[in-house]
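Asker: Provided herewith is a single structure, encoded as structure tokens, for subsequent inquiry.
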Amino acid sequence: MDQPTILVINPNTSQEMTAAIDRVAQAAVGTQAKAVTLCSQQGPHTIEGPLDAALGTAGMLEVIGAYSVPFDAVVVACFGDPGVDALRMLVRVPVVGIGAASFTQAAFMSQRFAIVTPSVGTPARYAAVTGAMGLSKQFIGTYQTDLAVVDFESGDPAVLQTLVGHAQQAVKEGAECLLFGCAGIADQIAEIEERVGVPCLASVAAGVSQALACLGHRRVRLAEGPFRRVNPKALEGFPALQHHYQADV
């Protein structure tokens, strides 16, 4: 297969966060593939809970549905993995959520790992997710800061210091590897790792590397294109998805 293309989609509308996501994605993909980073054109500026996630998913599906150039995998660049199941109904290529990819890589890299999150990070949810993945014995917990997602765009040194402080506490309590519960925690990862002394995973990099691993099992691009046939029916609104619902697609 020629150099594959990985779409990295930010379900929120923040241009600043999308740029940070792109920097991580480009570094992770190297020369192995082409990374194209996109973001929703409608929906919330940041995703902080189920309502934001639902709106962000709709915007994300519109962006992917309108993408007319062949692609070979999709990475959903939001730690809660919103819309992953929906995207898998729309496309036939691998769809990777950065949250699940991060949990998996942390489990490979350590015996005990933890998550540092913004204020909206839900400890109960992460405990349930890691339990469903069979990782409860390795997951030591969620270290929840008082930061909003938008704070990661500010460049305020206090934001970095808050992340470092919670990361240090997690390491003190036994974490051998750290995850960060927001794709927007990107440019800060290297400095946090240097200051806490354990591997710190950039969630977008984890997602891209997992997509590359999936593509390693494919020899040729899908001849019929990346999209699935959707059960044809009337669809109101969502102009970019209209043709996917038509019987002749």
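The values are calculated or read from the model by the stated rules, or taken from the named source; none is laboratory data. Quantities reported herein were computed from a predicted structural model and do not represent experimental measurements. Neighbour counts run over all protein chains shown; Cβ positions are idealised from the backbone, glycine included.
Asker: Show the residue pairs that are 6+ apart or on different chains and have beta-carbon atoms under 6 Å apart, the first residue being within the range 226-240 and outside any loop (DSSP other than H, G, I, E, B), the second being not aliphatic (A, V, I, L, M).
Answerer: Ala240/Glu62; Ala240/Gly65
Asker: Among the numbered criteria (1) within 29 Å of Ala190 (Cα to Cα); (2) in contact with a Pro (Cβ under 7 Å, 6 or more places away or on another chain); (3) modelled with pLDDT of 95 or more, which single criterion is violated by Ile47?
Answerer: (3)
Asker: If the requirement is being surrounded by fewer than 21 Cβ atoms within 10 Å (Cβ to Cβ) and not assigned by TED's automatic domain parsing to the domain that holds Met60, which of these qualifies: Ala107, Ala114?
Answerer: On the way: Ala114 fails: surrounded by fewer than 21 Cβ atoms within 10 Å (Cβ to Cβ).
Sole residue among the options that is surrounded by fewer than 21 Cβ atoms within 10 Å (Cβ to Cβ) and not assigned by TED's automatic domain parsing to the domain that holds Met60: Ala107.
Asker: A follow-up question, please. Pick from Val93, Val116, Val150: which is touching a Pro at 6+ places or on another chain (Cβ under 8 Å), among the β-branched types (Val, Ile, Thr) and farther than 17 Å from Pro50 by Cβ?
Answerer: On the way: Val116 fails: touching a Pro at 6+ places or on another chain (Cβ under 8 Å); Val150 fails: touching a Pro at 6+ places or on another chain (Cβ under 8 Å).
Of the residues listed, the single one that is touching a Pro at 6+ places or on another chain (Cβ under 8 Å), among the β-branched types (Val, Ile, Thr) and farther than 17 Å from Pro50 by Cβ is Val93.
Asker: A follow-up question, please. Against the condition of a type in the set (Asp, Glu) and surrounded by fewer than 20 Cβ atoms within 10 Å (Cβ to Cβ), how does Asp81 come out, does it pass? Before you say what the answer is, go through the steps one by one.
Answerer: Details: of a type in the set (Asp, Glu): yes; surrounded by fewer than 20 Cβ atoms within 10 Å (Cβ to Cβ): no.
No, not satisfied.
Asker: What number of residues within the range 21-42 are closer than 23 Å to Ala66 by Cα and either hydroxyl-bearing (Ser, Thr, Tyr) or under 13 Å from the mean Cα position of the chain (by Cα) (or both)?
Answerer: The initial filter retains those residues of the range 21-42 that are closer than 23 Å to Ala66 by Cα, namely 21-22, 25-26, 33-42.
With the extra rule that they be either hydroxyl-bearing (Ser, Thr, Tyr) or under 13 Å from the mean Cα position of the chain (by Cα) (or both), the set shrinks to 21-22, 25, 37-40.
Adding up the residues that qualify gives 7.
Asker: Further, regarding this structure: Among the residues of the range 170-202, how many are surrounded by fewer than 24 Cβ atoms within 10 Å (Cβ to Cβ), in a loop (DSSP other than H, G, I, E, B) and more than 20 Å from the chain's Cα centre (by Cα)?
Answerer: Of the residues in that region, 5 qualify.
Asker: Any residue at all in the range 33-44 that's touching a Leu at 6+ places or on another chain (Cβ under 7 Å) and on the phi > 0 side of the Ramachandran plot? Spell out how you get there, then give the answer.
Answerer: Of all residues in the range 33-44, those touching a Leu at 6+ places or on another chain (Cβ under 7 Å) come to 33, 36, 38, 43-44.
Filter once more, keeping what is on the phi > 0 side of the Ramachandran plot: 43.
Within the range 33-44 (the criterion being touching a Leu at 6+ places or on another chain (Cβ under 7 Å) and on the phi > 0 side of the Ramachandran plot), the answer is yes, since at least one residue qualifies.
Asker: What is the number of the single condition among (1) loosely packed, with under 15 Cβ neighbours inside 10 Å; (2) more than 25 Å from Leu178 (Cα to Cα) that Gly30 does not meet?
Answerer: The one condition Gly30 does not meet is (2).
Asker: Identify all residues within the range 58-72 that are buried (at least 21 other Cβ atoms within 10 Å of the Cβ), more than 13 Å from the chain's Cα centre (by Cα) and aliphatic (A, V, I, L, M); write none if there are none.
Answerer: Leu61, Ile64, listed by residue number.
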